Amino acid sequence: MKVPKRIQPLVNDGLIDEVISQLMSGKEATVYMVRCGDDVRCAKVYKEAIKRSFKKAAQYQEGRKSRNSRRARAMEKGSKYGRDQQESAWQNAEVDALYQLAEAGVRVPHPYGCFDGVLLMELVTTDDGDVAPRLNDVVMSEDQAEEDHTLVMHYVKLMLCAGIIHGDLSEFNVLVDDYGPVIIDLPQAVDASANNNAKSMLMRDVTNMTNYYGQFSPALKQSKYGQEMWALFEAGELTPETTLTGLFEEDTDAADVDTVLEEIKAAFEEEEARIERISDANAVDSEY
């Protein structure tokens, strides 16, 4: 296929030899299958901020620190240089998260670097060489759903132990190969300790995954892994070796009105996000 304009510099530099096809186009990026020497990889081309439809980016970027004081001041002022640096930070956040999570034991695509807004990374495939499907396209047995849900909760725990919350985890951001789930799409990864929205985002990630697997094993919907993980994390007792049960005893004291209102607000936002994800997925499917 014709080489996209954003990928052409990587072709000129010899990082990419051929663009084979477009895999998908989402709210924040377009992903291509490319050939790099003898290897077939992914090239994720981030959309420019003005064209990106990802909502409430500021919530996700809260708590991210720049080591460069000049850059940090420019980002705070919103100058052109600052906006460029903020965009670069948004893109590099995914590369950093991929390396961190792989080291923590989470299955994610291997990154090969981000070059001018294009992330080169591993193409996740099945043993037959086909591109691994997204979880939302996979139907499974009850036993398989329970096994994979347990594995995803383990990955979420390992992420939290590494100080990271995915922030947009759903059946649309998980691939499934012959060895199980692979977590993808991490530019909005949240700092678990520095972001005021961390708890609600963790809960939403866990709820999204539990509701999806719960279609095949309804008993999973009764689990409370999010509450269990966050309570252990806040208490400084969550470790990679922690055995999760999915059980959590709710506080039976009188409910705080502000907390209830926040939960209602979060539920509305979760439904809005769910509808947006389905809309994005349908838009991608219509391209093929």
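Please state the charge dipole magnitude for the stretch 118-212, taken about the Cα centre, from unit charges on C-beta atoms (+1 on K and R, -1 on D and E), reported in debye and rounded to the nearest 20.
Values: 4 positive and 17 negative charges, 149 e Å.
For this selection, approximately 720 debye.
For a 23 Å ceiling on Cα separation, which of these pairs sit above it: K5/K27; K44/K224; K27/K224? Kindly include the intermediate steps, with their values, before the conclusion.
Numbers: K5/K27 19 Å; K44/K224 34 Å; K27/K224 30 Å.
Where the Cα-Cα span goes over 23 Å, the pairs concerned are K44/K224; K27/K224.
With each pseudo-label sitting 7 Å past Cα toward Cβ, what's the D128-L247 distance in nm, one decimal?
4.2 nm
R0 = 25 Å: FRET efficiency of D177 with Q222, Cβ-based, nearest 0.05?
On the way: r = 29 Å, r/R0 = 1.16.
Given R0 = 25 Å and the Cβ-Cβ separation, E is 0.30.
Per-residue counts of other Cβ atoms within 10 Å, averaged by peptide: what ranking do you get for 5-12, 97-104, highest first?
On the way: 5-12: 15.1, 97-104: 17.2.
Descending mean neighbour count gives 97-104, 5-12.
So for the pair Q215, V3, with labels modelled 7 Å out along Cα→Cβ, what separation do we get in nm?
4.0 nm
In this model, which of K47/K199; K199/K221; K47/K221 are farther than 30 Å apart at the alpha-carbon? Intermediate results must be reported in sequence, preceding the final value.
Numbers: K47/K199 28 Å; K199/K221 19 Å; K47/K221 35 Å.
From K47/K199; K199/K221; K47/K221, over 30 Å: K47/K221.
Can you order the peptides 40-47, 160-167 by their average number of other Cβ atoms within 10 Å per residue, highest first?
Values: 40-47: 21.0, 160-167: 22.8.
Ranked from most to least packed, the peptides come out as 160-167, 40-47.
As an exercise, use a Förster radius of 45 Å and the Cβ-Cβ distance of D143 and N12 to find the FRET efficiency, rounded to the nearest 0.05.
Values: r = 50 Å, r/R0 = 1.12.
For D143 and N12, the calculated efficiency is 0.35.
Taking the mean number of other Cβ atoms within 10 Å as a proxy for protection, how do you rank 116-124, 229-237 from highest to lowest?
On the way: 116-124: 19.1, 229-237: 14.7.
Output ranking for 116-124, 229-237: 116-124, 229-237.
Values quoted throughout were computed directly from the atomic coordinates according to the rules given, and no laboratory measurement underlies them. None of these values were measured; they are calculated from a predicted model. As a convention, Cβ positions derive from the backbone with ideal geometry for all residues, glycine included, and neighbour counts pool all protein chains shown.
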